[in-house]
Amino acid sequence: MSARSGPGLRAPQPRTEDGPASARSGPAAPQPRPKIRTVSGPDTRSRRQLVLMLAPYLVGLVGLVLVPAVVTLALAFTEYDLLRPPAWAGLDNFTALVDDPIFRVALLNSVVFALVAVPLRVLLALGLALLLHRRAVGTGTARTAALLPTAVPEIAYGLLWLWLFNPLYGPINQLLRIGGEQGLTVLGRTPPQWLTDPTSARAGIILMSLFTMGETFVVLLAARRALPRDVYEMAAIEDATGWDVFRRVTLPLMAPVLALLAVRDAIASLHFTFVPAFVVTDGGPPPYATTYLSLFVYQTGFEYLRYGYAAAATLVMMLLTVAAVLVQWRLIRRYRRLYTF
Amino acid sequence: MSGLVLDGVSAAYRGTTVLHEVDLTVERGELLVVLGPSGAGKSTVLRVVAGLEPVTTGRVHIAGRDVTDQRPGLRNVSMVFQSYALFPHLSVVENIAFGMEVRDIPRRQARERARAAAETVGCAGLLDRRPGQLSGGERQRVALARALVREPDVFLLDEPLSNLDLALRVEMRTELRALHDRIGATMVHVTHDQTEALVLADRIAVLRDGRVEQVGTPDQIWRTPASTFVARFVGSPAMNLLPADGALRPNGAAPELPDEPLEIGFRPEAVTLDAADGAPATVERVEVIGEDAYAYLTVAAGQPVVARVPAARRPDKGATVRVGVRWADTHLFHAASGRRYAP
């Protein structure tokens, strides 16, 4: 104990000698400085502290993420059903995936979802952030309302939408039927059969995902509020229109944050389709209209007990994520070169 | 016709009145400096003129037009912010041309004029850089060019020199004055720096707690300060103020004094330390600044007096001197109101 507390107590001393405190104390400071300690002491000690503090996280990361990931990676090249030991299958799983119509549908569903839902979510969050960044009556309530759906537990959120989507007594279709006759909309069309029509079901899942953009909204709200006010006053003096201000000032200044959020959302989009598809549509309606990669992996692994095959699909999902990130990263880097604060 | 008229303008910020019925007239082509300590409402004057803050009472006229109810973009003013407010994502030339491009002036023409404006203020070599790559002085020039380019009716400059180091500030001060003389624009320049005000201004308006304390040429502000506030705010070290019936009696022909308490004010350079009939005083400390020295004294009654003396003939700390001042070098103020007393 004493051996460790000794240098620990002495540690601040050498630091203050170079610090601003000594600069103020003037020429009366030439004390003998323990040279060897200052050079090696705090450095190794702070490194040890760093490792200690990171340890719980690292243990969790290795035990709960890294090892399972490596196991998954290995399982992807085997056939494994939990009963018999894994059998080496080489690339069989992957060639099977390529020929699997359900997997192809799931892949397509996931990609389409990401391409449609991610921009919509970011745009919605941006719109709300720009609407609600000023102090005005009701903005506090409105901000809370925008954030609230994100705070609802996912399963409860799914069950809630199951009710909202109900074609007969669900409030969405009741709303659409207002003004129409014989259960039709005002335009004389049948309201969407959310859970039985493939296109409506896909749209429904996207609709569900739009309201959970709370985190994106909060980040964008903070980003907008952090932009300098004088730049906007400058634009006002120059008589820039609202559109000009948005296009020439707000959007470029928020672009780095927007890009980052889009990357994050694209990564997350492969996951946040799972609960809606699982709870609300159960991957249907036929033919697999809302079976996304995440649900495909879940069903293959835990319902059909094809672990090796599921692992291979997971690997594809991961590669897809990496590819999406790389593409966006390149775009951001190209943009960032124009950007020097 | 006046370039800018503020007619009984009051303004409030979050329920607190920060300008109290301010009357100001800036002639066309004049450079008016609004001078005052922080919190005096200087920047609010500019913001009210630009339309960034609403007035609670009064009218604002720019070049003969009543612009009180017009939005900022229609007032034809340009402003240089203390922070410069450059768009960080735009290059220098894009920054300068911004105002023209949002006003739908063709890009080629806007760029051409931006180039010309940049040449006027000496930043033509920076056109392709971004604000993040510029020094403080360079940003200042870009902000100036951006203000110049549109040929507005009034230029509003909000402490544009305060973020520069001293040497650059002095240089830019001179350039700013030269620029004003060259283009002959109506300018309102806000500063808390009295030297800057005295050097730059055609006229100075001294602001205190949202009220105009005095408007006058630098000479008038210096020689006939309208109040003790102006007297002490302009000049460094500040003017000495003592009760007229105190220990220190100025010498020479005394003016006619009324039967009410007065304060006499005199600048440090008016003080002599070897007057035969002067008041005895003790030297508390001495500051030497090159050729000059400032002696901080306490006269018999305990009042502080600052004297400027040549550094070569400065008194020693703790020495006793005899403080003298001539009536001709003094200013008289009503003790109660602080306003100037003119005999």
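The values are calculated or read from the model by the stated rules, or taken from the named source; none is laboratory data. Keep in mind the model is a prediction, meaning the values are calculated, not measured. Don't worry about glycine lacking a Cβ; one is built from the backbone with ideal geometry, like all the others, and counts go over all protein chains shown.
The residues of the stretch A:248-273 that are assigned to a helix (DSSP H, G or I) and either farther than 19 Å from residue A:333 by Cβ or not assigned by TED's automatic domain parsing to the domain that holds residue A:291 (or both), listed by number, are A:248, A:249, A:250, A:268, A:269. The listed residues are A:184, A:130, and the only one of them that is closer than 27 Å to residue A:246 by Cα and either within 25 Å of the chain's Cα centre (by Cα) or assigned by TED's automatic domain parsing to the domain that holds residue A:293 (or both) turns out to be A:130. Condition first: assigned to a loop (DSSP other than H, G, I, E, B) and more than 14 Å from every other protein chain (Cβ to nearest Cβ). Now tell me which residues in the stretch A:194-229 satisfy that. Listed by number, the residues that qualify are A:194, A:195, A:196, A:197, A:211, A:212, A:213.
Of all residues in the stretch A:230-255, those that are more than 11 Å from residue B:73 (Cβ to Cβ) and at the interface with chain B (Cβ under 7 Å from one of its Cβ atoms) have Cβ atoms under 6 Å from Cβ atoms of residues that are at pLDDT 90 or above and in a helix (DSSP H, G or I), 6 or more apart or on another chain, in A:249/A:235.
Candidates in the stretch A:205-229 are the residues that are among the small types (Gly, Ala, Ser) and touching a Pro at 6+ places or on another chain (Cβ under 8 Å); of these, the one that is farthest from residue A:116 (Cα to Cα) is A:214. Hey, any hits in the stretch A:310-317 for a residue that's in a helix (DSSP H, G or I), within 14 Å of another protein chain (Cβ to nearest Cβ), of a type in the set (Val, Ile, Thr) and surrounded by 16 or more Cβ atoms within 10 Å (Cβ to Cβ)? No: the stretch A:310-317 contains no residue that is in a helix (DSSP H, G or I), within 14 Å of another protein chain (Cβ to nearest Cβ), of a type in the set (Val, Ile, Thr) and surrounded by 16 or more Cβ atoms within 10 Å (Cβ to Cβ). Restricting attention to the stretch B:295-335, the residues that are in a strand (DSSP E or B), touching a residue at least 40 places away in the same chain (Cβ under 8 Å) and of a type in the set (Gly, Ala, Ser) total 1.
Against the numbered list (1) within 14 Å of chain B (Cβ to nearest Cβ); (2) in contact with a strand residue (DSSP E or B) (Cβ under 6 Å, 6 or more places away or on another chain), residue A:259 comes up short only at (2).
Elements of the type strands (runs of 3 or more DSSP E) sitting completely within the stretch B:1-109 and holding at least 3 residues that are more than 9 Å from every other protein chain (Cβ to nearest Cβ) and surrounded by 15 or more Cβ atoms within 10 Å (Cβ to Cβ): these cover B:2-13, B:16-27, B:31-35, B:57-62. Evaluate the stretch B:98-106: report whether one residue or more is within 28 Å of residue B:230 (Cα to Cα) and touching a residue at least 12 places away in the same chain (Cβ under 8 Å). No, the stretch B:98-106 contains no residue that is within 28 Å of residue B:230 (Cα to Cα) and touching a residue at least 12 places away in the same chain (Cβ under 8 Å). Restricted to helices (runs of 4 or more DSSP H) entirely inside the stretch A:65-161, those with at least 3 residues that are over 24 Å from residue A:303 (Cβ atoms) and modelled with pLDDT of 90 or more are A:101-132, A:139-151. Of all residues in the stretch A:171-193, which are of a type outside the set (A, V, I, L, M), assigned to a helix (DSSP H, G or I) and under 26 Å from residue A:112 (Cα atoms)? A:173 - this is the single residue of the stretch A:171-193 that is of a type outside the set (A, V, I, L, M), assigned to a helix (DSSP H, G or I) and under 26 Å from residue A:112 (Cα atoms). If you go through the stretch B:118-137 and pick out every residue that is within 14 Å of another protein chain (Cβ to nearest Cβ) and either in a helix (DSSP H, G or I) or in contact with a strand residue (DSSP E or B) (Cβ under 6 Å, 6 or more places away or on another chain) (or both), you end up with 4. On the stretch given as the stretch B:154-169, residues that are aliphatic (A, V, I, L, M) and either surrounded by fewer than 15 Cβ atoms within 10 Å (Cβ to Cβ) or touching a residue at least 60 places away in the same chain (Cβ under 8 Å) (or both) total 5.
Residues checked against (1) closer than 30 Å to residue A:81 by Cα; (2) touching a Ser or Thr at 6+ places or on another chain (Cβ under 9 Å); (3) at pLDDT 90 or above:
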{"site": "A:199", "(1), (2), (3)": "no, no, no"}
{"site": "A:207", "(1), (2), (3)": "no, no, yes"}
{"site": "A:226", "(1), (2), (3)": "no, no, yes"}
{"site": "A:230", "(1), (2), (3)": "no, yes, yes"}
{"site": "A:250", "(1), (2), (3)": "no, no, yes"}
{"site": "A:264", "(1), (2), (3)": "no, yes, no"}
{"site": "A:278", "(1), (2), (3)": "yes, yes, no"}
{"site": "A:281", "(1), (2), (3)": "yes, yes, no"}
{"site": "A:300", "(1), (2), (3)": "yes, no, yes"}
